[in-house]
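Coordinate-derived values only; no laboratory data. Keep in mind it's a predicted model, so treat the numbers as computed, not measured. Note: ideal-geometry Cβ built from the backbone for every residue, glycine included; neighbour counts use all protein chains shown.
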Amino acid sequence: MASKTLAVLEPEAGLEAALAGRDLCSISDLTPQEVSAILDLAHDVKAHPSSYRHALDAKQMVMFFEKSSLRTRLTFETAINTTGGNAIFVDQTQSPLGERESLADMSRNLERWVSVIVLRTYAHETITEMAQYASVPVINALSDLEHPCQALADFMTLQERFGNLKGLKFTYVGDGNNVCHSLLLTAAQLGAHCTIGTPKNYAPKADIVAQARAIANVTGSDITIINDPIAAVSGADAVYTDVCTSMGFEHEATKRAPIFKPYQVNETLMSHAASHAIFMHCLPAHRNAEVTDAVLDGPQSVVFDQAENRMHAQKALLLLLLGAGKKAVKK
Ligand code: CP
Ligand code: NVA
């Protein structure tokens, strides 16, 4: 499907100043205007990467990951390396953060050496606690509660396909997990209608839904949480799914498989969406579990655009949190 041309807006100087030095623990740390400013800049860095080649010269970014990663690690590394900075990766899969040394003491060390801290954790509180102590920005690169960087790239991808997202029918089917939470909040922030279809007992957390509904009341988005996968997908412009069993929940995989079978995104389920609908997945996919090969590899799938946009969206995020947005680069 051909991409629509986007009118790239100048992010307001006030928004750029407001984002400098901030943390991104949850996508709800941002206002709708701030989400839009990050996405506007993401489109600009994708179109004009050379304009930002030295925007983060000599900046140091440290990444502590308690869980595996392909996309998030490499897109953060490529984002900082291509803007003049440097990434330091610390494999934290063998010992949880805070075990050897308190998070407060770690923060007080790290802020003396680096400009930004990127964390992938089990406990969301590990990220919020680090953010509380560190004077430099802390970014959530996935926790058990949220995956805000994924949602930024995904809504950038939706903007490329659909332009303005107000009134777009966005549907997520599957587990009400970290990815689902960040998508739900971002849809509300951008005024997209959001339907979540999950099995009973696997709905998104009630407090996240309440937060999304409060945002939606202001932006005009409709939030629907249901159990019927066909009703969820009916008429959707975009259908999104994620794995049934997230990292850290592997012991539940056998129990979950039959429960999630009716939520598999296959050609039959996709036939209930709008004929122009796109299919989205954060990846990695468990092929022929939550999505069939035919859909994942089919003409409606935009999964590799989403993966590419992780890099552009995170580049924009780093530029803004480190005070080197469009205004700073172009002046
Ligand atoms: N989508 C995503 O976050 O992928 P990784 O787990 O490979 O980083
Ligand atoms: N929900 C998945 C997303 C992986 C990118 C997980 O947490 O494992």
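Some points to look at:
- Relative contact order of the chain, pairs being alpha-carbon contacts under 8 Å that are 6 or more residues apart, as %: 21 percent
- Seen through its C-alpha gyration tensor, with square-root eigenvalues sorted a ≥ b ≥ c, the range 232-331 comes out oblate because a/c lies at 1.5 or above while a/b is not bigger than b/c.
- A Gaussian network model of the chain, with springs between Cα atoms under 10 Å, assigns the largest mean-square fluctuation among 87, 231, 153 to 231.
- Separation between Cα centres of the range 181-205 and the range 209-259, rounded to whole Å: 5 Å
- Anisotropy class of the range 76-128 from Cα gyration tensor, a/c 1.5 cut: prolate
- Residue ranges 258-270, 280-292, 172-184 sort as 172-184, 280-292, 258-270 when ordered by packing (mean number of other C-beta atoms within 10 Å per residue, highest first).
- The range 64-140 versus the range 268-290: alpha-carbon centroid distance in Å: 32 Å
- A simple charge model with +1 on the Cβ of Lys and Arg, -1 on the Cβ of Asp and Glu and nothing else charged puts the dipole of the chain at about 500 debye relative to its Cα centre.
- Phi angles of the range 16-30 translate, via the Karplus equation with coefficients 6.51, -1.76, 1.60 and θ = phi - 60°, into HN-Hα couplings of 4, 5, 5, 7, 4, x, 7, 9, 10, 8, 10, 5, 7, 5, 9 Hz per residue; Gly and Pro are given as x.
- The length gained on full extension between residue 261 and residue 234, counted as 0.36 nm times the residue separation minus their Cα-Cα distance, comes to 7.9 nm.
- Taking 115, 36, 68 as the candidate residues, the one with maximal mean-square fluctuation in a Gaussian network model of the chain, Cα springs under 10 Å, is 68.
- Pairwise FRET efficiency - residue 226 versus residue 99, Cβ, R0 = 45 Å, nearest 0.05: 0.65
- Difference of contour (0.36 nm per residue) and Cα-Cα distance, residue 206 to residue 20: 63.9 nm
- Extension gain (nm, one decimal) between residue 219 and residue 293, 0.36 nm per residue minus Cα-Cα: 23.0 nm
- Summarising the overall dimensions of the chain from its C-alpha atoms, the Rg and Dmax are 19.0, 57 angstrom.
- The range 48-189, relative contact order in percent, only Cα pairs under 8 angstrom and at least six apart counted: 20 percent
- If the Kirkwood radius is taken over C-alpha pairs of the range 1-124, then at 37 °C and 0.692 mPa s the Stokes-Einstein diffusion coefficient equals 199 µm²/s.
- Pairs from the list 67/205; 46/315; 205/255; 67/200; 46/169 with a Cα-Cα gap above 18 Å: 67/205; 205/255; 67/200; 46/169.
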